[in-house]
Amino acid sequence: MPSVKTAKVCYITGGTAPIKRIMAIAAGKFVCWLSRLSGNQGSSLPGLVARRICPGILVELAAQVHRGVVMITGTNGKTTTGNMIAGVLLAAGYKVINNREGANLITGVTASFVRKSSLWGKIDCDYAVLEVDEASFPGVTAEVRPQIVVLTNFFRDQLDRYWEVDKIVGLINTALQKLPGTRLVLNADDPLAAQFREKTGLSCTFYGLGGFERRSGTGDRVREARFCPFCGAPLVYDNFYYSQLGIYKCSGCPFVRPEAQVEATEIVLGPSSTTSMVVYDHSRVLLTVPAHGLHNLYNALAAFSAGSALKIGIESIVRALENYVPVSGRMEAFIYHGKPVYLNLVKNPAGFNEGLAALLNGKERSKDVLLAINDLDADGRDISWLWDVDFEVLAETGRLSFFCTGRRGEEMALRLKYAGISTDRIGLSRDMRAAIRKALAGTGEKVYLYTTYTALWPARKILSRMAVKGNYDQNLPSLS
């Protein structure tokens, strides 16, 4: 496979584009057209086809990015953070390639370039903003060298694909060791992310929260980092925000939560937005993120930090973040006969817990909840993570009715039963269309649909035929 340097020389001096490159791009574009014609997203298959025909296609196309590549990886927040960064750059007047829908394997990254390429293999963009799957990060960085890498957080996620968190952290650390000159943007409040400054020696920008006290609730028992990543001694926390994110220090060595160069203070969590004062470079600016929850504030802080590192004007960054609109399945809003309906992707305990926090927020008398759980490869075959989600908090209110569906709908219903939810409040159907119809026809004032990855697009297609796009409390939580 050609190196980046080789690909550049090949493109500039090669004259007419090689037949193999033309065939790869043409086939990729054709597959994308066919996929969308059939109602699918076509976000990964074009890349798979193009790579089969021309294995070096990503190297050649990515080498043409004028100013640089920003990569985002980690467990939760990749899609939202990536799209926020892309929005910041677009608002500043730059041309951007972005895998917006979240197709973050190497095939999806390749597809994002193929779609933007001319038939002859010419790319005209200033920046590429690429969300990258954690396990795919080493392979993608071997072909695309990023200027900036944003690490959001690390939680247990699809253990059959990603293994334990420590192994994923090790894979990413090994890949970063091969990227001298890359700048890291790190979540200071997550010790698993913060450790990369010392482990890589790369220049870093840290972001985090300051002075926020959160009541106990969902996610209090899902904490990945209990021990120091350097000496193994227990970590001591002055405050938890959610999961292992908070203010920490090691009880046995000097490792401590680093000082954040971009920090949110005076945080106000609203029903559909989050407001804070962002402190940066001895200055302060008011930021209102049109999304509920600390996790979305973290996403915005990561995007703020990346934009600042790229020398984008602060006013332009703030304006772009305040106008952010989420992509499909990230608490996407619909309206069914005047009733607000929300569709959200869930894929791990930390993300699900924050989604449940949104469900419990508000004063509605009743709500209907659909849970669509699949166990295909893209979801993770192992669904034991459902037992780490704090469904017990749902048993404390009688205002919720549940409808379980998907390949593992029975297991989801069983999990709710063991959480203390009465079985007369739990419906079960293998037919997703029927389950969604029942949820929409329920007596609740709002409807929430939580789906795993492979259930998301079928659920969205069904929902789109029954409801219309809306913006009631638009932009609620997204962890993906």
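Where in the stretch 86-168 are the helices (runs of 4 or more DSSP H), entirely inside, with at least 1 residues that are modelled with pLDDT of 95 or more? Please lay out each step first, then the result.
Numbers: elements: 106-116, 137-143, 159-162.
Here the list reads 106-116, 137-143.
Is one or more of the residues making up the stretch 424-444 loosely packed, with under 15 Cβ neighbours inside 10 Å, over 26 Å from Pro340 (Cβ atoms) and at pLDDT below 95?
Yes, some residue in the stretch 424-444 is loosely packed, with under 15 Cβ neighbours inside 10 Å, over 26 Å from Pro340 (Cβ atoms) and at pLDDT below 95.
Evaluate the following for Ala303: is it at pLDDT 95 or above, in a helix (DSSP H, G or I), surrounded by 18 or more Cβ atoms within 10 Å (Cβ to Cβ) and at negative phi?
So Ala303 fits the description; yes.
Condition first: modelled with pLDDT under 95, in a loop (DSSP other than H, G, I, E, B) and under 13 Å from Phe255 (Cβ atoms). Now tell me which residues in the stretch 188-227 satisfy that.
Once the filter is applied, which keeps residues that are modelled with pLDDT under 95, in a loop (DSSP other than H, G, I, E, B) and under 13 Å from Phe255 (Cβ atoms), the stretch 188-227 yields only Ala225.
Looking at the structure I just gave you, is Ser308 within 22 Å of Phe196 (Cα to Cα), at pLDDT 95 or above and not in a loop (DSSP other than H, G, I, E, B)?
yes
Scanning for something under 27 Å from Ala291 (Cα atoms) and buried (at least 20 other Cβ atoms within 10 Å of the Cβ), does the stretch 404-416 turn up at least one residue?
Yes.
Out of Asn98, Asn104, which single residue is touching a helix residue (DSSP H, G or I) at 6+ places or on another chain (Cβ under 6 Å) and in contact (Cβ under 8 Å) with a residue 24 or more places away in the chain?
On the way: Asn104 fails: touching a helix residue (DSSP H, G or I) at 6+ places or on another chain (Cβ under 6 Å).
Of Asn98, Asn104, the one residue that is touching a helix residue (DSSP H, G or I) at 6+ places or on another chain (Cβ under 6 Å) and in contact (Cβ under 8 Å) with a residue 24 or more places away in the chain is Asn98.
Regarding the stretch 316-335, can at least one residue be identified that is within 18 Å of the chain's Cα centre (by Cα) and of a type in the set (Asp, Glu)?
Yes, because at least one residue in the stretch 316-335 is within 18 Å of the chain's Cα centre (by Cα) and of a type in the set (Asp, Glu).
Kindly list the number of the only condition in (1) farther than 21 Å from Asn187 by Cβ; (2) within 18 Å of the chain's Cα centre (by Cα); (3) in a helix (DSSP H, G or I) that fails for Thr80.
(1)
Could you please find all residues in the stretch 56-74 being in a strand (DSSP E or B), among the hydrophobic types (A, V, I, L, M, F, W, C) and surrounded by 24 or more Cβ atoms within 10 Å (Cβ to Cβ)?
Within the stretch 56-74, Val70, Met71, Ile72 qualify.
Out of (1) without any contact (Cβ under 8 Å) to a residue 24 or more places away in the chain; (2) surrounded by 23 or more Cβ atoms within 10 Å (Cβ to Cβ), the odd one out for Glu354 is which?
Exception for Glu354: condition (1).
The values are calculated or read from the model by the stated rules, or taken from the named source; none is laboratory data. As the structure is a computational prediction, the values presented were derived from the model and not from experiment. All Cβ positions, even for glycine, are placed from backbone atoms using ideal geometry, and neighbour counts span all protein chains on display.
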